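The values are calculated or read from the model by the stated rules, or taken from the named source; none is laboratory data. Values in this document were obtained by computation on a predicted structure and should not be read as measured data. Cβ placement follows ideal geometry from the backbone for every residue including glycine, while neighbour counts extend to all protein chains displayed. The accessibility values were calculated without ligands, DNA or RNA, using every heavy atom of the protein model including side chains. Shrake-Rupley method; radii C 1.70, N 1.55, O 1.52, S 1.80 Å.
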Amino acid sequence: MKQLFFRLYLLLILTLVGLGWSIDKLYNTVSTEEQLTSDVELHKGTFFLLDTELRRHPEHERPSHLEALATSFGYQVQLVEINSLEVIEQASEVAFSSQQLEYLSAGGIVPLFNDIAGESWFFKRLTNTDQIMVLGPIYGEPFVQSDVVYALILFIALAFIVFIWVWPISKGLMSMTRAATAFGKGDFSARASTQVPSPMLNLVERFNSMASRIQRLIKSHKELSHAVSHELRTPIARIRFAMEIIRDEDDKALIHQYIDTMDQNIEELDALVDELLIYARFDREEPQLNITKVNLAELIEEVTERFVVTEPDLHFHVHVDSEGSEKLNDCQIDKDAISRVVDNLLRNAVRYANKHIDVDVSVIGKDVVVAVNDDGPGIPKSQWQALFEPFVRLDQSRDRKSGGIGLGLAIVKRFIELHQGSVKIGQSKKGGASFILAWPHHLSLKTNKVISEKS
């Protein structure tokens, strides 16, 4: 606001000064010169006749003869000494310049104008004397009309310059208005043009950023609603089915089996809700990490051990690069966030691995690198980037082995980006997929709001 005010204020000051000077020059050099030339030419003949007539009479008879001639003029005619011009200056309230006095002494005709009073005087030296012939004051119309014209020119020029300055801002506001109107009618892709003056650029960028966030939130809400409606129904239906069977079943062993099935479905529901809430939190706010020093190798071993117990048919191996083992002892990370990241990647690998899952942990330069590799069918290269988008799944089937709603990898990406790192997909040496995480070993140690695994 201050910048806009000072720019407009400076523009108006410079415009007024420039236009005032230009119009003053125009007035003095055009209007006044034209009036001066016209009047001087008009009285040139009068002065010639008076000069000829007065020189025919002796000097002492000239005043009385001129008085007799003055009755034939419509204005006053005088004959004064050159030293008496001060009286004329006081009467006309206009002073002679040094150039005018020199020109008058040389025999030229010199005019004096009082535009405000509408009066004019004309002076010419009587040939070969020190006397000055004076015509005037001659009364005419004050130059009110001319002043109005020049004032009008001033205001029109000022309006034009202000219009030139305001037009780009007005155009930017109209662009924002159109974008806001379209956005309000449901076109969430509408954005305001960034081709605007610098004072408006920040506002336009804020508007577009707000529109992008709202569009992302609405899209996320729709996807979330769709995912919830499909994914939560399956375990709920299984639980209901198991409950119906239990009511009519007398075999205790079978009853316990269905109770276990219900418990597994409840755990599945809990995991689904957990992922949905975490992802929803990313859209509502920008979570902050609770950075602490953690032994990364031990943390990954702990997470992997959970899968060793639950997946006895798979072989898990964690390989820690000995060269970076010391740095891995005090990695600066959010323990809960990285634990969830590794858990999601291992859970994804378990779905597709045939026999082997390897986790490689190393330090390359200033970065910590964690790679989760499996010997499954791998992932087509065309789908590498798409897999990190929410609700995207490589396997569209709904069975429990490949289940999930496609939020695991999206959560992985968001957590790693909060650690100022990146995640990418490649092909493992065993022929399957390889998920590679990298983030700086040293992050700022500060206590912020903790990202918990559950809301």
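Points to keep in mind about this one:
- Take the stretch 330-382 with all the other protein chains still there, run a 1.4 Å probe, and you get 38 Å² of accessible area per residue.
- Global form of the stretch 253-346, assessed from the alpha-carbon gyration tensor, a/c cut-off 1.5: oblate
- Of the GluC sites (Glu not before Pro) found in the stretch 49-103, those that fall in a DSSP loop while having at most 11 other beta-carbon atoms within 10 Å are E93.
- Gyration tensor over alpha-carbon atoms, the stretch 172-224, equivalent ellipsoid semi-axes in Å: 23, 12, 6
- DSSP-assigned coil residues among trypsin sites (Lys or Arg not before Pro) in the stretch 182-272, each with at most 13 further Cβ atoms within 10 Å: K185
- In plain terms, the bigger the Kirkwood radius, the slower the diffusion; for the stretch 153-255, with that radius from Cα pairs, at 37 °C and 0.692 mPa s, Stokes-Einstein puts D at 175 µm²/s.
- Accessible surface of the stretch 341-392 [probe 1.4 Å, protein heavy atoms]: carbon and sulfur percent: 51 percent
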